[in-house]
1. Can we say residue B:293 is more than 16 Å from residue B:91 (Cβ to Cβ), among the charged types (D, E, K, R) and in a helix (DSSP H, G or I)?
2. Whether any residue in region B:71-92 is part of a helix (DSSP H, G or I) and closer than 30 Å to residue B:201 by Cα is what I want to check.
3. Residues to consider are B:248, B:259, B:232; find the one that is within 30 Å of residue A:87 (Cα to Cα), within 11 Å of chain A (Cβ to nearest Cβ), touching a helix residue (DSSP H, G or I) at 6+ places or on another chain (Cβ under 8 Å) and of a type in the set (Gly, Ala, Ser).
4. Among the residues of region B:225-236, is there at least one that is closer than 20 Å to residue B:324 by Cα, touching a Phe, Trp or Tyr at 6+ places or on another chain (Cβ under 9 Å) and surrounded by fewer than 24 Cβ atoms within 10 Å (Cβ to Cβ)?
5. Might you check whether a residue that is more than 14 Å from chain B (Cβ to nearest Cβ), closer than 30 Å to residue B:152 by Cβ and modelled with pLDDT of 85 or more occurs anywhere in region A:63-72?
6. Can you say whether residue A:169 is in the same structural domain as residue A:348 (by TED's automatic domain parsing) and on the phi < 0 side of the Ramachandran plot, as far as the supplied structure shows?
7. Regarding residue A:201, is this residue open to solvent by 20 Å² or more (accessible area, probe 1.4 Å), modelled with pLDDT under 90 and not assigned by TED's automatic domain parsing to the domain that holds residue A:284?
8. Looking at B:190, B:272, B:241, can you tell me which residue is more than 11 Å from chain A (Cβ to nearest Cβ), open to solvent by 10 Å² or more (accessible area, probe 1.4 Å), more than 19 Å from residue B:136 (Cβ to Cβ) and not in a helix (DSSP H, G or I)?
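The values are calculated or read from the model by the stated rules, or taken from the named source; none is laboratory data. These numbers come from a predicted model, not from an experiment. Glycine gets a Cβ as well: all are built from the backbone with ideal geometry, and neighbour counts include every protein chain shown. These area figures cover heavy atoms from the full protein model, side chains too; ligands, DNA and RNA do not enter into them. Shrake-Rupley method; radii C 1.70, N 1.55, O 1.52, S 1.80 Å.
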Amino acid sequence: MNPAPAPAPAPTTETPEPPEQRRIKLGGTTREEVLTMLGAGAGSLALDWLLYERVLPLSGAFGFLLCWYLLFLGLYTLVGRLQWDALTVRERLATALAWSSGLLLLAVIAEQIGYVAVRGFDAARHWNFFTETMRTTAPLSPITSGGCLHAVVGSLEQLGLATLFSVPLGVVTAVFLVEAGTSRRSARFVKPVRVLVEAMTALPSIVAGLFVLGVVILTLGAEKSGLAAALALTVMMTPIVTRAAEVVVRLVPGTLKEASYALGAGQWRTVWHVVLPTARPGLTTAVVLGMARGVGETSPVLLTAGFTARMNLDPLHGNQASLPLYVWNYVKQPYPDMVARAFAGALTLMAVVLVLFVTARVLGRHRAPTDRRARRPLRRSRTTATAVPVPAAATAVPATNATNAATASAVANR
Amino acid sequence: MTAAVQPTDTRVPPPTSDPDRPRRISAPASPADRAFRGVLRAAGLSVFVLMGLIAFFLLLRGTEALRAVGWSFLGEQNWRTAAHTFGIAAVLPNGILIALIALCIAVPVSLTAALFISEYAPVRLRPTLVSLVDLMAAIPSIVYGLWGLFFLQPRFVGLCRWLANHLGGPLPFLRVRGGDTPTSYTSSTFIAGTVVSLMIIPIITSLSREVFSQAPAGEREGAYALGSTRWGMVRTVVLPFGRGGVIGAVMLGFGRAMGETIAVALIISPVFRVAWHVLENGGGSISALIALRFSESDGLSLSALMAAGLVLFALTLLVNVAAGFVISRSRSGASTSD
């Protein structure tokens, strides 16, 4: 990377790219393409405005944008057809469609976050929102009284408990899905279990709430509490953790496991000392993503936690508020300040989700085992262990695919 | 290559001292291993147990209501538990309508977005885009609900009115009866479906993107070598390859849309007749019904909600398991599942 400074500038200054060595550009955009697109965009905007504001009796921003988009597609095809053949026009049109829906997704995400941030700022800019509960706040109290502290605490407690329950279960299930092939008795179950886990990730959250309501509160006779809510969240989070963890556990190179078996370790020791440590960064990502999904679940909490306006630190007894429930409860009230508080609650919830999400990404990125310095002996064993697949990956194509997939799948998991 | 060949040449042939009876190799599992396998198996089976428990307890708690009204639970449109006339004949079709509208919007958008991420976007941007789609999936449903209720709905009324006035003639389900006030276009099945569509777009997008990106490079290059444009390659290689996965993804999206609760409950104003006129005020779904009626329910009415939840559970389980099988049977899914 750092050659001697003297010879470095010489080649760059004296080679002005001989024309026969220029690379043929297959992709990329030309000026005429860009101008065609801009022209079609401007023309369709003008036409849309004319139709919308002058000719036809239409109104509404969404209709305007939709019409603009459709007119743009039409005009773009037309203008393109003037200069290109049909094949090129179709290709360009497909490109434009793909880009526009990608941009639409970006716009929707930005819009959601932006809108909630703007509306939530009304209440969230007062510090009392984060330091007070709603205990002494009447419906018409000014915005400078009342806050969401009790909801934040409740959310964190319920999320912590749910993580405590769901992570061991989810990770062990994931290990089962990967390792069960070694014994014939369990191998038959792998496929049904996987299909069922997949189906459970899409379990309606209200059903999870109803289930816990039916078991814990109606049948066992417990009161509504943070613990019941955590159990409902566990039902929601476990399959998510399982699915995400299975992918990373599966990506642990087989050579590592075989090396462990060859050294005389049993299955248990192999999993504990080789598979799980190797998969740890991916597992952390899986867990944090599960938490990000869990903290925003409203309906299970709605049925099982009850709601209270005061602080309840004890998750075992009594109603406990949480952020989604806070929003749900106050947004339906007909007082503007209450709605503002609900939006501020939603903003806080979004912030929690975003922090968890970014944490998951950052943890997933530092996959290199050498980053960790905490545990010396483990680190040494892991660096030597991970050194093994590198030559294997260099020769075998599937192995390189697997390592690429490792980063991709950790991202792709929900 | 030559370096790899050499060791095999110098390999010593195996000793042939006892050629007719190979030694049986058995690895008896240690007690720790046997216990470990037991734990693994228990965790795997816990999924079955959990699903069984959910079905059992919903049935147990819903029995009272089911016994009270019998089969008319499936045929009755009203939901008046005090009068013993309640059933899911209105909320279930209304929920399916919401899910179908959501699919109509979500499928084209998510397929093109998946193609965009896997084929068209600059390579350096792709991981970021994948994360953003994941982020969209992680946005809590209550935030979607707030956004739909306060932001989308007021700006959507104009479009709804236009659709009702101009397409209502040839397409009767777009008609809006009962006056042209602004409120007759709000809280409709259509708006709820639009918001739900935004919530299932990330699921369909990320699953489809996954199968699209697995389209074999050899076939892609073959298409290009035959002179195909990028769209031609997508149409002849990527889309056929991903078809099974996409169908499964759409079914999973449908299951999610059926079960979506909070956003629907915030937006819809519940009515207990089948809302064929999708632009009209009023609609419903089983999950929204449960969320809205739960707080004022006890005894029989709670049991009725449990029974409705059982129906929702069975239906989504069916759709999701079917989707899982479609995905694992398809060519693109076969390589991912194992």
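1. No; evaluated as a whole, the condition is false for this residue.
2. Yes, some residue in region B:71-92 is part of a helix (DSSP H, G or I) and closer than 30 Å to residue B:201 by Cα.
3. B:232
4. The answer is no; no qualifying residue exists.
5. Yes, the conditions are met somewhere in region A:63-72.
6. Criteria met by residue A:169.
7. No; evaluated as a whole, the condition is false for this residue.
8. From the options B:190, B:272, B:241, the qualifying one is B:272.
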